[in-house]
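Take a look at the structure set out below.
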Amino acid sequence: MESLDLLLGLFFSSENNIVYDNIELSTKLPEGNIHQIKLLPMRFLGPLFMTLAYDDKKKWNINFIESTLSSNQEYKTKESFMQSFLCLNSSVEIENNMTYLFAFIGSPYAEDPKILYEKMNKYVHQSIIQGKYVNQKVYGVDFNYNIFVIGELQRGLNLIKHSLGSPRKMYWEEKKKYYSIGLIERKKDGDVVESNLYTFDTDDPLRTKFLNDIPSYYLMAILPDYFEIRILETLKLFEKKDIYPNIRTIKLSCSNVEVLYIEEFVVKNQIRRSYGLILVPTHEELEDCYEISFFKKKLRLILDEKRDFEKTVIEINSRINPFDKWSANSNEGLGNIKELLDNKN
Amino acid sequence: MEKVKFKQAFKIDDKRLLWNYNRITRMFKNSDHVEIIAKFLINQSIGFSLNRILDILNYYKPIISKNKTLLDFAFEWVRANKIRFEYKKFINLGTYEDPNSAIDDTIFLFFLDYDKYIREFFIKNISEIEICALYEIFFNPNQVDSTNMNFFLKKNELRVHTIIKENEKVDTNIFTLREGLSSMIKKDYNELHPSKVQIKSEQQKNDIKVLSTITKFDGTMLERLIKSYCFNKQKIVEKELENSISSFLSSFLKFGQIYKYKDFKEKLIRNLTDSLYSGLPENYKFDSLDILISDILVNFERTLKNQKLDGLAWIKDLNPILKDIVIKFIDTL
């Protein structure tokens, strides 16, 4: 692996909200960029804090964001081999305070996010938390927490680095059935961006029912755009201007509740179109529950224009209204989503 | 990994083992139960003398959980050999750059789920020393000395701790695993990859050379503290602030080395200013910080400027003054 084609950063936010970082810089970057890179976890975790403000009873965790990377035709001369970009976030509550371990990984391989996430969540994050108790007992007042955390982040970074390039496995979760509660359409033509959400009618009881299973329609509508911009910013900070991101998967969780967002895209005549689905695990009483592969196939059919959009949306979920779209990139549109779709009554 | 999955991954032939155990029972009808199990384990070549096995079995017998037997424990001892064999095959692949990566990765891959699994064989309040000792017995028999169990556990007391908080045992399994297994993994790594060990030691020699030429105070912690404050607007914990300042000062001033104030004054002011500035987001403005810091340090300079002190003494003297400066700085934000 060429060292130039690997981006790796690990950040820990303690229960006192102090953020510690350890970043693998394979190439010399300007001071300003390094300063900005250190602020990345705050930016990536932005919507997370927003959801906390939205409903403080539920603490949503952004588990992972996966993006493929495409080559930018304008920068043909400096070609990058980087193919995938992952953001992983592990949240662990200790003594009523949240701690976060966040990683971004840019790699030339299609990485296996599950194994990387498990290493972070079950080993690195736990060892930081456990180490605090153990070292406080051993060293008492002489225990230097900062040095300890930096050391553990270095261990974590080495562990993640070692796991990169592992073949992607098929997990049983991928055979799980999901129910789609919304479709997000995104178009980008130069600087003109359009994002729309298709979901249940406002008077459909399913709309309010699923408000308990997601942070909010508002947040789900803005997440793909939000994270795509963050990844693009990150790549620019690492001076990777020859590639641009396409969101593939976002996974959120709250206690035992899980929300998955999957997206497919196509670029034609310099216009990028993408369609994504907001999925929640099967509800037994509902029809239209399918495996992820079914949804991906339907999204490809819409993108390839082989099937009628409205008809395909109804095949995905007959309760989603394919005719009324909610704008997700204007203040007015987002205001409507907040007011009408996120209304619990 | 669920229990069943774990058993499948490291399968032992229960039927054959039971047949063997029954055969030994028939052979030594007059021996007591623990002795028979010890003889059964000798038969399985687990690498200890009979007396040592008896000592270990007698120690763990009273702390085995109600739904498990001493024979179950013995079977797990045999399974541990299987796990060790698989683990050694894996580490032999040699993809690790250093022993620390090998320790973390193999603990995650082989022993983290094992830890959950094996703890089910014991009573809930088993101490971490006992678990740690078990790992050494099961996986690193060559390192377990010939003294009796109580001496062996006593030796581990300083390294492994059982932490109780509000009447609840704090989970410290990763640290117990590291204490119990690190020396084995390191030893295996060094034996299997001698060439990598040599390269690493040469690199370390070079690193030492670099360390001896430290030229600035490292204010990364301070910078991070200010940054977190500006973003979250959360009150800074005093302990965090003290740690950050200690870290800043100790990055340059070393215990056992003698300094004069003028040797590091300029560096101290410049590096402190830089660290505080770089913690600020773009929208914050703060001018002439370096002048402000040197003004505050004037009194200190008057009393101590001609003294020659050890690095540690300078750290102790400067710590409260810098703390005061940083607090004043934060108050202005």
With axes computed from alpha carbons, what is the tilt in degrees of helix B:194-211 against the longest principal axis of chain B, rounded to the nearest 10 within 0 to 90?
20
Can you work out the FRET efficiency for the pair A:V138 and A:D213, with r the C-beta to C-beta distance and R0 = 56 Å, to the nearest 0.05?
0.80
Hey, which of these cross-link pairs are over 22 Å Cα-Cα: A:K161/B:K169; B:K239/B:K267; A:K268/A:K306; A:K175/A:K296?
A:K161/B:K169; B:K239/B:K267
I'd like the orientation of helix A:145-163 relative to chain A: the angle between its Cα long axis and the longest Cα principal axis, in ° from 0 to 90, rounded to 10.
60
Separation between Cα centres of the range B:289-333 and the range A:245-270, rounded to whole Å:
52
Shape descriptor, the protein assembly as shown: equivalent ellipsoid semi-axes (Cα gyration tensor, sqrt 5λ, whole Å, largest first) stand at 46, 41, 23
Stokes-Einstein D (µm²/s) once Rh is taken as the Kirkwood radius of the range B:3-200 over alpha-carbon pairs, at 20 °C in 1.002 mPa s:
119
Peptide A:116-129 - average C-beta neighbours from other chains (10 Å radius)
3
Using only the alpha-carbon atoms, how far is helix A:217-237 inclined from the longest principal axis of chain A? Give it as 0 to 90 degrees, nearest 10.
50
Taking beta carbons within 10 Å but only from partner chains, what does the mean come to for residues A:158-166?
3
Tell me the mean residue ellipticity at 222 nm calculated for chain B from its helices only (DSSP H runs of n ≥ 4, each -39500 (n - 2.57), averaged over every residue, nearest 500).
-21000 deg cm²/dmol
Might you report the magnitude of the Cβ-based charge dipole of the protein assembly as shown about its Cα centre, with Lys and Arg at +1 and Asp and Glu at -1, to the nearest 20 debye?
2080
Just report the Cα centroid separation between the range B:239-260 and the range B:40-72, whole Å.
51
Exposure proxy order (Cβ contacts within 10 Å, fewest to most) of B:E128, A:E315, B:E191, A:E332
A:E332, B:E191, A:E315, B:E128
Helix-only CD estimate at 222 nm, as mean residue ellipticity for chain A, using -39500 (n - 2.57) per DSSP H run (n ≥ 4)
-9500 deg cm²/dmol
Ranked on Cβ counts within 10 Å of their own Cβ, fewest leading, B:I103, A:I229, A:I184 go A:I229, B:I103, A:I184
Given Cα pairs under 8 Å that are at least 6 residues apart, what percent is the relative contact order of chain A?
21
Between A:K175 and A:K59, what length comes free when the chain is fully extended (0.36 nm per residue of separation minus the Cα-Cα distance, one decimal in nm)?
39.1 nm
How would B:L50, B:L312 line up from fewest to most surrounding beta-carbon atoms within 10 angstrom?
B:L50, B:L312
In percent, how large is the relative contact order of the range B:3-200, given Cα pairs closer than 8 Å and 6 or more residues apart?
24
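Quick note: the coordinates plus some simple rules give every number you see, no bench work behind them. Everything numeric in this text was worked out from a predicted model, so none of it was measured. Counting neighbours? That spans all protein chains shown, and the Cβs are built from the backbone with ideal geometry, glycine included.
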